[in-house]
Amino acid sequence: MVGVVLSTAPSIQLQPRRRSSRLLPAKVLLREDQVSLHGSPGDYPADSEQFRRALGVSEVAARILACRGVCEVDSARAFLAPSLREHLPDPATMKNLPEAADALLDAVEAGSRITVYSDFDVDGLTSSAQLVLFLEELGANVTAYVPNRFVEGYGLAATAVEALARTGTEVLVTLDCGITSIREIALAKRLGLKTFVFDHHLPGAELPAADFVVDPAQPGCPFAEHKLAAAGIVWMLLIMLRVKAKRRADFAAKTLPDPKEYLDLAAIGTICDMVPLQGLNRLIAFRGIEALRQTKRLGLTLLKDISRTGSDKRFGSGHVSFGLGPRINAAGRLGDANDVVTLLTTKDSKRARTVVEAIDSLNDRRRLIEGQVRDACISSLTEQGFSEDVPGIAIYGESFHLGVLGIAAQRLVEEFYRPAAVMGPGEMVLDGKRVKVIKGSVRGIRGFHVADALSSLTHLLVAHGGHAQAGGFTVLPERLDEFQTAFVETAGKLLNPELLRRQVEADIRICLSQVDFELANELLQLAPFGIGNPSPLLVSEQVRIGTVSALQDRHLKVRLIGGNCSRNAVGWNLQGHPLIRKDEVVNVAYHVELNTYQGVSSVQLNLREVWQ
């Protein structure tokens, strides 16, 4: 049989995890030909000096800009300091957006009861908070509704549509979902609801018959090139609402809300949904992080405090991705995501503090469950003798928590560099009856488009959706084995041996002595970092490992020595790596950051790869 499949996995007990050596699959050790370099300072073009001087940056920074395709002075200035006045595209060119804004204002003026229905991840929740707050400032009768992951599942649920219609909703607005909800939108229309779909996912062959469909991914939309998250689409909607409201007598006399005041929320959704941080997305993230540093929004202030991300000038996309985002997501994974909308919109300090503490506690529990599911998956795969011939992974665990399946799948991709589907037991309403099903999450690698792969397996699935990197699906228990086999076979058809080899693209080769405080500060100017603009990855060759010590759970603290200088480094999740030992001479790829402890800042290298 081709591939690794697993029908069951060890029961997951919610107990503290033991510290242990990292389970290292065969793929973790790189060969030199798996690391590619964009260039070295000595390779820099002869005409680069004018470019570098015009921007006032070092040769290293200029080379890294070139690695990102930023080679002209004007484009580099726009990259380094994107401006709302100069670089914001006209929202009126987004297909159906002006008409949708007009119709929403009609509903506000008529006093219609509006329900904003969003997905339960960070992108959906920050989208919901933006629109609810903005419409409230316009005087709308608006409420938020977030489905329960375990009862209603992803997307627009028919049971929710029926319940909302019964309780008086007249206008239904879906955010970060709805583009594939053909039957559910049709149901809403039959029940007399005016319907708006604001989504960024790929549509199917048929668009929903909503009154207004706004999705840059739909055919004929000029905004497709921007690859916005839902939070970015909603922020553009706010701009359009303000423009339209200025022209109406009912709103002209009022102080209209300023969309710039919502950039903090738009940036969180944009960064956490992992859309490319280029162009408009970079503009939203860049200006949004500035807004986040000084936000007066009660819920975000408390969320920053409890996640200890701070508000100084070094607050950046990493604090959003690893501090704020996971806590916002935790509510939808393990609790009630409606609490997040409350946190982001409430002006009641006592209520906000209660919610933020509950969310932080859920995040601690999420980390625990996630680690145990991940360890169970890796242990099972290791016991079965993971092989380089395996093109994909499909694992089902009877005790796997649905809230962490996506994270577990991503961890498997990181460990084994294979498309991974992780599944657990769930329920859903099917043909009017609640039935037991299996729900799963998929994460992909280059060459494996998740949404397309799931579409090719439609005949086996009850439901599915997603995009290139990630997706979700539902399958009946009696078809589990068939799906597992088909998933692995599909991966085998799509991925040749070259695509199954992990490739690391570094920006530049550099001597360890060049990595100093000045360079670390300069590299921060290239932020925010994320998909499409990763944190610069530097390579130093033939460095010697000095001291090595354990640092919490799976991490290492390492002293690297190159020539006459040494630098402190941290190996996140690298405990047990066979090459990280005293006096070993290795090549290293790393990110540079400034680490501040007790008011003192120092250069720290975050190890990404180690090889010989």
Checklist entry - Do any residues in segment 479-504 that are under 11 Å from Arg446 (Cβ atoms) have Cβ atoms under 7 Å from those of residues that are of a type in the set (S, T, N, Q) and not in a helix (DSSP H, G or I), where the two are at least six apart or on different chains, and which pairs are they? => result Gln503/Ser36
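Collect the residues in segment 244-291 that are more than 15 Å from Gly325 (Cα to Cα), among the aliphatic types (A, V, I, L, M) and touching a residue at least 24 places away in the same chain (Cβ under 8 Å), keeping them in residue-number order.
Ala245, Leu256, Leu263, Leu277, Leu280, Leu283, Ile284, Ala291 - these are the residues of segment 244-291 that are more than 15 Å from Gly325 (Cα to Cα), among the aliphatic types (A, V, I, L, M) and touching a residue at least 24 places away in the same chain (Cβ under 8 Å).
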Item to check | Complete set of residues in segment 378-399 that are at pLDDT below 90, outside any helix (DSSP H, G or I) and closer than 25 Å to His449 by Cα | outcome: Phe386, Ser387, Glu388, Asp389, Val390
Checklist entry - In the set Asp375, Asp452, which member is assigned to a helix (DSSP H, G or I) and under 22 Å from the mean Cα position of the chain (by Cα)? => result Asp452
Checklist entry - Of all the residues that make up segment 525-541, how many are farther than 24 Å from Asn573 by Cβ and at pLDDT 90 or above? => result 1
Next on the checklist: Please verify whether Glu482 is in a helix (DSSP H, G or I), surrounded by fewer than 20 Cβ atoms within 10 Å (Cβ to Cβ) and at pLDDT 95 or above, treating the condition exactly as stated.
Outcome noted: yes
Checklist outcome for this item: Selection from segment 57-95 of residues more than 16 Å from Trp235 (Cα to Cα), of a type in the set (Lys, Arg) and part of a helix (DSSP H, G or I) yields Arg63, Arg77
Item to check | Qualifying positions in segment 240-259 - over 18 Å from Thr345 (Cβ atoms) and in a helix (DSSP H, G or I) | outcome: Met240, Arg242, Val243, Lys244, Ala245, Lys246, Ala249, Asp250, Phe251, Ala252
Checklist entry - Which ones in segment 286-332 are assigned to a loop (DSSP other than H, G, I, E, B) and within 22 Å of Gly532 (Cβ to Cβ)? => result Arg314, Phe315, Gly316
Item to check | Residue satisfying condition, being of a type outside the set (Lys, Arg), over 19 Å from Lys95 (Cα atoms) and assigned by TED's automatic domain parsing to the domain that holds Phe286, within set Gly192, Gly204, Gly220 | outcome: Gly192
Item to check | Condition met for Ala421 (surrounded by 16 or more Cβ atoms within 10 Å (Cβ to Cβ) and more than 20 Å from Val390 (Cα to Cα)) | outcome: no
Checklist outcome for this item: Among Ala330, Ala337, Ala394, the single one that is touching a residue at least 24 places away in the same chain (Cβ under 8 Å), buried (at least 24 other Cβ atoms within 10 Å of the Cβ) and in contact with a strand residue (DSSP E or B) (Cβ under 7 Å, 6 or more places away or on another chain) is Ala394
Checklist outcome for this item: All conditions in (1) surrounded by fewer than 24 Cβ atoms within 10 Å (Cβ to Cβ); (2) without any contact (Cβ under 8 Å) to a residue 40 or more places away in the chain; (3) of a type outside the set (Asp, Glu); (4) not in a loop (DSSP other than H, G, I, E, B) are true of Gly192 except (4)
Item to check | Residue pairs meeting the criteria (Cβ under 6 Å; at least 6 apart or on separate chains; first outside the structural domain of Glu522 (by TED's automatic domain parsing), in segment 75-91; second of a type in the set (Phe, Trp, Tyr)) | outcome: Pro82/Phe286
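The values are calculated or read from the model by the stated rules, or taken from the named source; none is laboratory data. All values derive from a computational prediction rather than experimental measurement. Here the Cβ is made from the backbone with ideal geometry for all residues, glycine too, and neighbour counts use every protein chain on show.
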